[in-house]
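Here is the structure we will look at, set down as C-alpha cells.
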Amino acid sequence: MKKKLIIGLVIAAAFLIGGVYGYMQYNKPHLDIGKATADYNIDAKDLLEDFQKDEVAAGEKYLDKVLLVNGEVKKISIQDEKTSIMLKTGDPLSSILCELEDPGDLEKISQGQQIQIKGVCSGMLMDVVLVRSIVVN
Amino acid sequence: MKTIAILFFAFFLLAIQTDAQIYYTRTAKVTFFSEAPMENIEAHNGTANMVIDFSKGSIESAVLIKGFKFEKALMQEHFNENYMESHKYPKSVFVGQITDYNGIDLEVNGNHEVNVKGEITIHGVTQPLTTPATIKVKDGSVQTHCKFTVEVADFDISIPGVVRDNIAKEIEVTIDANLNRLEQ
C-alpha cells in the first residue's frame, strides 16, 4: 500500500517537473543582448572582409553569435517601427546593417559618429546583418 | 559625322535613363503568419533586400532566415534548427517579373496594381510563385506591398506529428518595402 503511494507520488512529481520544465522552455526568454558577453569584438571593415573572403567559413564563425562591432555610422534608416543603422566598411556597396532592438538608441548617435554596437549576426546579403542590436558606446 | 554624334548622345541619354530606373532597399519588411488551432505564430524580419528594375519590370528580393524574430525564443529556435535548417539554407530568394509590363511612370505619383510571376527559393527548394502586388509611386520613391501564401509541404519542410496542430500548412507571407533610386 505504502509502496503504491510512493510510486504514485514519484509519477506525479515527474509529471509536475516535466510540466514546469516544458512550460519554462516554452516561455523561455530571448537572449538579453544588453547583458550577453560578446563572442567577438571586431571592426566593421574586418567583419565584412571575412564574409567577402569566405561566406561559408564566416557563417560558421559568426552566425547566431553576439558580435561587438566598431565602426562609423554611415546612414540611419527609419521605416515604420523598424530602425537600422549602417556602419561604414570601406566598401561603398556593402556595410554592416544593424537592426536596432530599441529605436530610442538613435538619440545617442548621429551620422559620422564612431560607435560600438552589439548584436546577433544573421548573415550576409548585400550587407552583413546584425539583429537585436544595441548601441554600446 | 553630326548624325553619329547625335545618335551617340541619344544612346547616352537612354543609358542614363535606364540606370536611373533601378530602385532598391536593404530594409524591406517580411512578415509571416501561421494560423493554427493551437496558436498563431508570427515572425518579422526588417532586413530584407529588394531591387526593382523599372526599365524591365524585374524584381529580386532576398532575406536571411536567421533574421526572423518571433515572440517566443523557443519558436525561433525550432524554426531555425528543425524546420528551415537555416545553418544549411541561410537565405530565401525571390526572382520575378511584373507580368504584361508596359513600364511605370516614376515621375507621376500613383498606385499600380500588378501581378508578379517568378520563382521563390525556401529551404533550398525552388517553386514557382505568382502574386498580386501594389506598387505605389510617391514623390520619387517607391513603396511595394504584396501578400501571398506558401505551402510548407512544397518546400520539403517536415513538421513532426506532435506539433502538427500548432503550425499551419499554409503560411501567409507579407512583404512591405520602401525603395529609393539607386544613385550611380
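Which members of the stretch A:102-132 meet the condition of being within 11 Å of another protein chain (Cβ to nearest Cβ) and either within 20 Å of B:Phe70 (Cβ to Cβ) or of a type in the set (Ser, Thr, Tyr) (or both)?
A:Gly119, A:Val120, A:Cys121, A:Ser122, A:Gly123, A:Val129, A:Leu130, A:Val131, A:Arg132
Can you list residue pairs whose Cβ atoms sit under 7 Å apart, with the first residue in the stretch B:108-132 being outside any strand (DSSP E or B) and the second being among the hydroxyl-bearing types (Ser, Thr, Tyr)? Count only pairs 6 or more apart in sequence or on different chains.
Final answer for the pair search is B:His123/B:Tyr89; B:Gly124/B:Tyr89.
Could you identify the single residue in A:Tyr62, A:Tyr26, A:Tyr40 that is away from chain B (no Cβ under 14 Å) and surrounded by 11 or more Cβ atoms within 10 Å (Cβ to Cβ)?
The conditions single out A:Tyr40.
Inside the stretch A:114-125, can you point out the residues that are assigned to a strand (DSSP E or B) and crowded, with 20+ Cβ neighbours inside 10 Å?
Of everything in the stretch A:114-125, those that are assigned to a strand (DSSP E or B) and crowded, with 20+ Cβ neighbours inside 10 Å turn out to be A:Ile115, A:Ile117, A:Lys118, A:Gly119, A:Val120, A:Cys121, A:Ser122, A:Gly123, A:Met124.
When only residues in the stretch A:65-92 that are acidic (Asp, Glu) and farther than 15 Å from B:Thr25 by Cα count, which is surrounded by the fewest Cβ atoms within 10 Å (Cβ to Cβ)?
A:Glu81
So in the stretch B:132-184, with the set limited to residues that are within 14 Å of chain A (Cβ to nearest Cβ) and more than 23 Å from B:Glu60 (Cα to Cα), which one is surrounded by the most Cβ atoms within 10 Å (Cβ to Cβ)?
Across the stretch B:132-184, the extreme among qualifying residues is B:Asn166.
Rule-based calculations on the coordinates, nothing more; no lab input. Keep in mind it's a predicted model, so treat the numbers as computed, not measured. Using ideal geometry, Cβ is built from the backbone for each residue, glycine included, and neighbour counts are taken over all protein chains shown.
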